[in-house]
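Please read the structure below before turning to the comments.
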Amino acid sequence: MVLDTLKNCDTYSKLHHRMEAAFQFLQKEDLQQIDEGTYEIDGKDCFAIVMAYTTKPKESGFSEAHYKYIDIHYTISGSEKVGVATLEKQQPTEVNKEKDYAFYNCKTQDFILPEGSFMVLFPQDIHQTGIQIEGPKSLKKVVVKVNVQ
């Protein structure tokens, strides 16, 4: 897991050969004006999902991990907590490899993802997003999916 701002994204662009395109999308798009939806960057190997929602209590969410995608969560407006745990011996409660997710019931450590920051979550990072900080608040974010294969 990485937590940082776009001013330092060059440091992380070299972690995987598709990361540079992902960070270029985040830097070049007018994210304040972008509509919700899916945006192709490099076919199914790198794409962005723009979403808006209201944060919620931790106990009403779920934790997940992915098999073939790195997630880059960038907060456009608002802030949220993200619970993170390292995938070790936890057993999933549900698996869908075709849709690239596994759900988990496990304890996570919460990190605040403030407006204008990103979090890189690798396949070994179980994560729960959308957790409220001080009550429910509106959030707009983009998740860039980077195929690790």
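See the values below:
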| read-out | value |
| --- | --- |
| Scope the stretch 100-125; condition charged (D, E, K, R), more than 16 Å from V143 (Cβ to Cβ) and either in a strand (DSSP E or B) or in contact with an Asp or Glu (Cβ under 9 Å, 6 or more places away or on another chain) (or both); matching residues | D110 |
| In the stretch 126-142, the residues that are assigned to a loop (DSSP other than H, G, I, E, B) and of a type in the set (A, V, I, L, M) | I133 |
| Verdict on Y12 being over 21 Å from L139 (Cα atoms), surrounded by 13 or more Cβ atoms within 10 Å (Cβ to Cβ), modelled with pLDDT under 95 and aromatic (F, W, Y) | yes |
| Hits in the stretch 97-149 (condition: of a type in the set (D, E, K, R) and in contact (Cβ under 8 Å) with a residue 40 or more places away in the chain) | D110, E115, D125, K137, K140, K141, K145 |
| One residue from I72, I76 being touching a Gly at 6+ places or on another chain (Cβ under 9 Å) and β-branched (V, I, T) | I76 |
| Selection count where residues are free of Cβ contacts under 8 Å to residues at least 24 places away in the same chain and not in a loop (DSSP other than H, G, I, E, B), scope the stretch 40-62 | 3 |
| Residue count, the stretch 15-28 (criterion: surrounded by fewer than 16 Cβ atoms within 10 Å (Cβ to Cβ) and in contact (Cβ under 8 Å) with a residue 40 or more places away in the chain) | 1 |
| Checklist (1) of a type in the set (S, T, N, Q); (2) touching a Ser or Thr at 6+ places or on another chain (Cβ under 7 Å); (3) loosely packed, with under 14 Cβ neighbours inside 10 Å applied to Q128, failing item | (3) |
| Count of the stretch 64-99 residues which are surrounded by fewer than 16 Cβ atoms within 10 Å (Cβ to Cβ), in contact with a Lys or Arg (Cβ under 8 Å, 6 or more places away or on another chain) and either assigned to a loop (DSSP other than H, G, I, E, B) or charged (D, E, K, R) (or both) | 1 |
| Failed condition for P114, given (1) in contact with a Leu (Cβ under 8 Å, 6 or more places away or on another chain); (2) surrounded by fewer than 14 Cβ atoms within 10 Å (Cβ to Cβ) | (1) |
| Residue among S79, S117, S60 that alone is at pLDDT below 95 and either touching a helix residue (DSSP H, G or I) at 6+ places or on another chain (Cβ under 9 Å) or of a type in the set (G, A, S) (or both) | S60 |
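The values are calculated or read from the model by the stated rules, or taken from the named source; none is laboratory data. Note that the structure is a prediction, hence the values are computed from the model and not measured. A quick note on method: Cβ atoms are made from the backbone with ideal geometry, for glycine too, and the neighbour counts reach across all protein chains shown.
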